Every structure is written in structure tokens, then in C-alpha cells.
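Take a look at the following structure, please.
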Amino acid sequence: MAENKTLAVNKKARHEYQIIDKFEAGIVLTGSEVKSIRDGKTSIAEAFVREKKGELYILGMNIPEYAQKGYAQHDPVRDRKLLMHKKEITRLSSKMAEKGLTIVLLSLYTKGKNIKAEIALCKGKKLHDKREDLKLKAQKREMQRHKLR
């Protein structure tokens, strides 16, 4: 049995957004995209999700061309379709219609032999919220230092 492995993480998302709900989705990929992702050559920091014609697509995810390329190559920044149940898509799209909510790509990981995306329904943080999070993180770090002594 293959182990689950995290391939890419969007570290900026947790700082910039307040996560409301998380979802798992499959992605429609070509063979060269899968090989490039498994090599760890993908950037998801700018990636976000939009609805088009009742389906969800990842926009802004950069998967560079595979180094040992053959005749079939892919566009590095093309829109990639997410595979989810219709109920989940309609629920997400109705919540996205609310003011200030967006869907952000949090991470890419393997599940068995498939590559999955963890997406989240998010609300943008204000500057004072970001400062508060940094203070809490610094306090936790201080407490850990004192425990180790």
C-alpha cells in the first residue's frame, strides 16, 4: 500500500486567509504534469479556484514542463479541472457568492497512486487579524522554549 505524501503546500494561505471549511478534490492532469508534480517542481502560492459552467477549476497553479520530456508537453499555467461531487460544487459556489469568500488551494498530496488537492473555503484576514496571529505564534514559541529548559 502506497503511503500518502505531501507534494506542495501553500504556506501563505493560512497567513492571508481565515479557513472556514476544507475539501478534498481530484485534479485532471496529463502524464507529464503528474511526473513534474511528483518531482516537487510545482508552485501553488498564487493558485485559487473559480467556477466555470458548473465546474470548479484551479487557476494560477504553475507546473513547469517535465525535464525528460517526450513529444507530449503541457502548458505550465493552464486551468485545471477539479473532480468533486455535484452537491459539493453547488454548495461551494453558493457560498462563494457571499461577500468576501473565496476558495484557495492549500496543498497537493498523493492518496494511493492519485494526486489530490486540498482546497478550502476562506475569508480574507484584515491586517489586525494577521498581527494577532503573529503574537499568538510568538507566545506559543516562548512557552515551548520555557518547557524545554
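Looking at (1) in contact with a strand residue (DSSP E or B) (Cβ under 6 Å, 6 or more places away or on another chain); (2) surrounded by 17 or more Cβ atoms within 10 Å (Cβ to Cβ); (3) not β-branched (Val, Ile, Thr), which is the one condition that is false for residue 79?
(2)
Of everything in region 29-54 that's surrounded by fewer than 19 Cβ atoms within 10 Å (Cβ to Cβ) and over 25 Å from residue 69 (Cβ atoms), which residue is nearest to the chain's Cα centre (by Cα)?
The selected residue is 48.
Which of the residues belonging to region 55-71 are crowded, with 21+ Cβ neighbours inside 10 Å and more than 17 Å from residue 121 (Cβ to Cβ)? Walk me through it before giving the result.
Of region 55-71, the ones crowded, with 21+ Cβ neighbours inside 10 Å are 56, 58, 61, 63, 66.
Of everything in region 55-71, those that are crowded, with 21+ Cβ neighbours inside 10 Å and more than 17 Å from residue 121 (Cβ to Cβ) turn out to be 61, 63, 66.
Now for a different question. If you go through region 104-133, how many residues are β-branched (Val, Ile, Thr) and farther than 20 Å from residue 29 by Cα?
Taking region 104-133 as the starting set, the residues that turn out to be β-branched (Val, Ile, Thr) are 104, 110, 115, 119.
Subsequent filtering for residues that are farther than 20 Å from residue 29 by Cα retains none.
Residues flagged as β-branched (Val, Ile, Thr) and farther than 20 Å from residue 29 by Cα within region 104-133 amount to 0.
Go through (1) assigned to a helix (DSSP H, G or I); (2) in contact with a strand residue (DSSP E or B) (Cβ under 8 Å, 6 or more places away or on another chain); (3) more than 16 Å from residue 60 (Cβ to Cβ) and name the single condition residue 21 misses.
Condition (1) is where residue 21 drops out.
Mind listing whichever residues of region 83-100 are part of a loop (DSSP other than H, G, I, E, B) and hydrophobic (A, V, I, L, M, F, W, C)? Before you say what the answer is, go through the steps one by one.
Narrowing region 83-100 to residues part of a loop (DSSP other than H, G, I, E, B): 84-85, 97-100.
84, 97, listed by residue number.
I'd like the residue in region 9-28 that is β-branched (Val, Ile, Thr) and more than 17 Å from residue 50 (Cβ to Cβ) and, out of all such residues, is nearest to the chain's Cα centre (by Cα).
The initial filter retains those residues of region 9-28 that are β-branched (Val, Ile, Thr), namely 9, 19-20, 27-28.
Then drop every residue that is not more than 17 Å from residue 50 (Cβ to Cβ), which leaves 9, 19-20.
Numbers: 9: 7, 19: 12, 20: 14 Å.
By that ranking, first place goes to 9.
Now for a different question. Looking only at residues that are β-branched (Val, Ile, Thr) and under 16 Å from residue 88 (Cα atoms) in region 98-120, which one is surrounded by the fewest Cβ atoms within 10 Å (Cβ to Cβ)? Break it down stepwise before answering.
So in region 98-120, the residues β-branched (Val, Ile, Thr) come out as 102-104, 110, 115, 119.
From what's left, under 16 Å from residue 88 (Cα atoms): 102-104, 119.
Working: 102: 15, 103: 22, 104: 21, 119: 25.
So, considering only residues that are β-branched (Val, Ile, Thr) and under 16 Å from residue 88 (Cα atoms), the one surrounded by the fewest Cβ atoms within 10 Å (Cβ to Cβ) is 102.
Specify which of the listed residues (123, 137, 130) is surrounded by fewer than 16 Cβ atoms within 10 Å (Cβ to Cβ) and assigned to a strand (DSSP E or B). Lay out the reasoning, then the answer.
On the way: 137 fails: assigned to a strand (DSSP E or B); 130 fails: assigned to a strand (DSSP E or B).
Every option except 123 fails the conditions.
If we scan region 28-38, do we find a residue that is of a type in the set (Lys, Arg) and in a strand (DSSP E or B)?
Going through region 28-38, the residues of a type in the set (Lys, Arg) turn out to be 35, 38.
Now restrict to residues that are in a strand (DSSP E or B): none.
So far as region 28-38 goes, no, none of its residues is of a type in the set (Lys, Arg) and in a strand (DSSP E or B).
Now for a separate question. Cβ contacts < 6 Å: first residue modelled with pLDDT of 80 or more, restricted to region 59-71; second residue in a loop (DSSP other than H, G, I, E, B) and basic (Lys, Arg), any location; separation 6+ or different chain. Result?
Close Cβ pairs satisfying both conditions: 64/41.
Give me the pairs: first residue in region 17-39 and closer than 30 Å to residue 125 by Cβ, second residue in a loop (DSSP other than H, G, I, E, B), beta-carbon distance under 8 Å, and six or more apart or on different chains, which are they?
17/125; 18/125; 23/84; 25/84; 26/84; 37/29; 37/63
The values are calculated or read from the model by the stated rules, or taken from the named source; none is laboratory data. Keep in mind it's a predicted model, so treat the numbers as computed, not measured. Cβ: placed from backbone, ideal geometry, glycine included. Neighbour counts: every protein chain shown.
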